Every structure is written in C-alpha cells, then in structure tokens.
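Written below as structure tokens is the structure these notes are about.
The values are calculated or read from the model by the stated rules, or taken from the named source; none is laboratory data. Note that the structure is a prediction, hence the values are computed from the model and not measured. Using ideal geometry, Cβ is built from the backbone for each residue, glycine included, and neighbour counts are taken over all protein chains shown.
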C-alpha cells in the first residue's frame, strides 16, 4: 500500500524541488528544427547554409534537403532511398514487395529478345 500522508503537491511559481528544471519559455529541439527547416533563403543568417540552399534553387531549407536526398537516391544510395520511402504511404508495402532485403538489392536479369526455335533440316 502506498503512503500518501507525506506527499506534497507542487506549488505554483517558485518551488525549491523544481529549481533545476526546464526554464520557462524554453523550446523543444524538434520545434527549433521545424522552424529552421521552414526558413526561406533570405531569412537564413548563416552564409554557407544560405549559399547551399540557393545552389539547390530551393524555396526553403526543407526543400533543399529533400532535393539533395532525391539526387542521392537516384544515384543509387539505398539508405537515402529507404529514408525517402519511409515518408510515403507505401512504406508499409516495401517489405511485402521485397524491394529491400537486408540492405541488398535483388536484381533479375531478363533477356529482352524473345526465344526463337530454330529447326535443323
């Protein structure tokens, strides 16, 4: 059985038990990342990042990252391809289709020429 006699609820405002907790107004890392990904090139303060985004002719940092990921995927980077597919609706079907088995690609060679039967006379 729990002893609830010695439990004290948190006090509003300053509470000595929470003095090293999260500061008021602090933001999650995911919130900061989302805000940075939505920045337009003109809003970026870092010159190197701004030039990389402009090099991709992107409207935002997010678009620049995705365009680079698509280029890497088209050049044969399997991990990037898997990462991109993980954001699509067909991600659940990738394993069922057998496209990626342990990081290896299954290649089937098919002869494009139809088989012809030659008869000897």
- Message: Give all pairs with beta carbons closer than 6 Å in which a residue from the stretch 4-16 that is on the phi > 0 side of the Ramachandran plot meets a residue that is modelled with pLDDT of 70 or more; count only pairs at least 6 apart in sequence or on separate chains.
- Response: none
- Message: Which numbered condition in (1) closer than 30 Å to residue 10 by Cα; (2) modelled with pLDDT of 80 or more is the only one that residue 23 fails?
- Response: (2)
- For residue 8, the lone unmet condition from (1) in contact with a helix residue (DSSP H, G or I) (Cβ under 9 Å, 6 or more places away or on another chain); (2) at pLDDT 85 or above is (2)
- Scan of the stretch 67-78 for residues that are free of Cβ contacts under 8 Å to residues at least 12 places away in the same chain and out of contact with any helix residue (DSSP H, G or I) (no Cβ under 7 Å at 6 or more places or on another chain), ordered by number: 67, 71, 74, 75, 76, 77
- Looking for whichever is under 20 Å from the mean Cα position of the chain (by Cα) and modelled with pLDDT of 85 or more here; the options are 72, 48. Which one fits? 72
- Message: Anything in the stretch 36-62 that is assigned to a loop (DSSP other than H, G, I, E, B) and without any contact (Cβ under 8 Å) to a residue 24 or more places away in the chain? List them, or say none.
- Response: 39, 40, 44, 45, 46, 56, 57, 58, 59, 60
- Could you check, for the stretch 71-84, whether at least one of its residues is part of a helix (DSSP H, G or I) and closer than 20 Å to residue 31 by Cα? no
